[in-house]
Amino acid sequence: MIAKFQWQDAKSVQDAVDHLNGKTLVKAGGIDVIDRLKEGIDSPAKLVNIRTIPGLDQVREDASGINIGPLVTLAQLDTHSAVRGSYPALSDAAGHAATPHIRNVATIGGNILQRPRCWYFRNEQFHCRKKGGTRCFAQDGENDYHAIFDNRTCAIVHPSAVSVALVAYGATLELTGKRGKREVAIEQFFVKPDEDVHRENRLGEDELLTAIRVPKPAAGTKSAYMKLGEKESFDWPLAEVAVVLGPKPAVILGAAAPVPWRAQSAERVLAGNPINEETARAAAKAALQGASPLANNFYKLPIFEAVVRRTILAAAQA
Ligand SMILES: Cc1cc2nc3c(=O)[nH]c(=O)nc-3n(C[C@H](O)[C@H](O)[C@H](O)COP(=O)(O)OP(=O)(O)OC[C@H]3O[C@@H](n4cnc5c(N)ncnc54)[C@H](O)[C@@H]3O)c2cc1C
């Protein structure tokens with residue numbers, strides 16, 4: 001049963017921030033929040049609804065790139081002409097997440113900040129390490145959908161598709177709290193389990209995510225995103241990859257590790273080389289260096305190798 005909580009419609013960013021403390025929970029689209037309330041993972045004293053704050057649902061373009069409000073929906077990102085034109089990996093990541101109904105409601109901010117979908121974490125019956133327990137039940141349990149990198153402490157996979165693309169494009173996040181605004185590179189925003197297993201990011205308890213800034217890509221930059229799921233429709237990814245081919249190539253894997261995973265060895269293979277079948281194949285092989293699959297997810301290795309290769313080639317042909 002969901003424990004009782006107060007409901008607060010925020011009028012402005014400042015109004016929302018004034019309400020935030022360790023006992024409150026921000027609600028944007030509510031897709032993840034409502035699940036967490038039902039699953040007993042969260043029992044806040046107050047839910048702060050930020051959908052009532054005007055002006056946070058716009059994409060603005062200027063000479064330095066785009067500025068995305070945290071209430072922009074995944075459906076808006078999928079179809080926005082400036083996003084699709086210059087940041088196709090971001091549009092495609094948003095457009096392939098969840099279902100059309102969910103994409104109409106789910107926001108980019110909520111997508112970045114959603115909590116992991118590990119079935120042990122989401123089940124009240126399992127007091128896993130992330131919830132303050134002493135075990136990661138996935139490590140010797142049902143780990144088919146879990147991490148193949150960095151899975152010693154906690155084997156969750158990072159759930160946000162748009163974050164995979166945003167890391168590839170070098171985005172930054174604007175966070176606003178009681179002490180003002182700060183800006184953090186999205187890649188530094190996520191926290192690995194070895195650093196702190198209880199949290200996935202560095203958002204303070206009195207902070208709101210108030211903007212996502214994506215720099216303008218250098219001339220000639222090409223990019224692509226691909227996702228492979230168990231079934232074609234409405235499924236979470238088994239593997240997802242964003243590739244940006246610019247002055248510094250970026251190859252970022254999702255559904256692979258507890259954070260969006262930068263495949264540095266693959267990037268080194270691509271840097272300064274022509275992009276063709278041979279380099280794409282070599283980079284895809286390199287992307288799996290250091291993988292430590294669990295008992296039931298060795299199958300992800302050839303899948304990632306294929307998706308990385310295909311995404312590199314798709315970006316080159318974009
Ligand atoms: C069936 C199904 C399939 C899905 N498949 C995918 C998929 O393939 N890929 C994928 O990426 N996602 C997938 N999702 C997840 C879904 O996209 C996210 O749950 C959704 O994007 C969350 O957005 P929201 O606006 O509803 O966030 P909410 O549920 O409102 O919030 C999520 C979290 O973010 C916090 N939050 C939200 N906005 C802010 C803000 N501005 N500042 C501070 N904190 C904030 C909330 O406190 C909460 O912790 C799926 C979900 C379902 C139910």
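Structure above, values below:
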read-out	value
Entries in 46/130; 130/181; 46/181; 46/192; 216/248; 38/181 that, when Cα-Cα distance is taken, lie over 21 Å	46/130; 130/181; 46/181; 46/192; 38/181
Ranking by accessible area, most exposed first, for 248, 231 with a 1.4 Å probe	248, 231
Alpha-carbon centroid distance for the pair region 113-129 / region 240-318, whole angstrom	28 Å
Cross-link reach list, lysines versus residue 231, counting only Cα pairs under 22 Å and skipping chain neighbours closer than eight places	300
Percentage relative contact order, region 119-200, counting C-alpha pairs under 8 Å, at least six apart	22 percent
For residue 49, residues with placed amide H under 5 Å, excluding near neighbours	8, 9, 10, 27
C-alpha center-to-center spacing [region 136-158, region 50-76] in angstrom	34 Å
The chain, relative contact order in percent, only Cα pairs under 8 angstrom and at least six apart counted	17 percent
For region 1-138, convex hull volume per residue from C-alpha positions, Å³	139 Å³
For residue 137, solvent-accessible area (1.4 Å; no DNA, RNA or ligand), Å²	40 Å²
Surface accessible to a 1.4 Å probe, per residue, for the residues of the chain, Å²	46 Å²
Solvent-accessible area, 1.4 Å probe, carbon plus sulfur percent, for region 116-170	48 percent
Computed magnitude of the charge dipole of the chain (debye, nearest 20; Cβ of K, R +1, Cβ of D, E -1)	300 debye
³J(HN,Hα), Karplus 6.51/-1.76/1.60, whole Hz, each residue of region 174-188, x for Gly, Pro	9, 10, 10, x, 5, 9, x, 9, 9, 10, 9, 5, 4, 5, 7
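The values are calculated or read from the model by the stated rules, or taken from the named source; none is laboratory data. What you see is a predicted model, and the numbers here were worked out from it, not measured in a lab. Ideal geometry is used to build each Cβ from the backbone, glycine not excepted, and the neighbour counts take in all protein chains shown. In case anyone asks, the SASA skips ligands and DNA or RNA and just uses the protein heavy atoms, side chains included. Shrake-Rupley method; radii C 1.70, N 1.55, O 1.52, S 1.80 Å.
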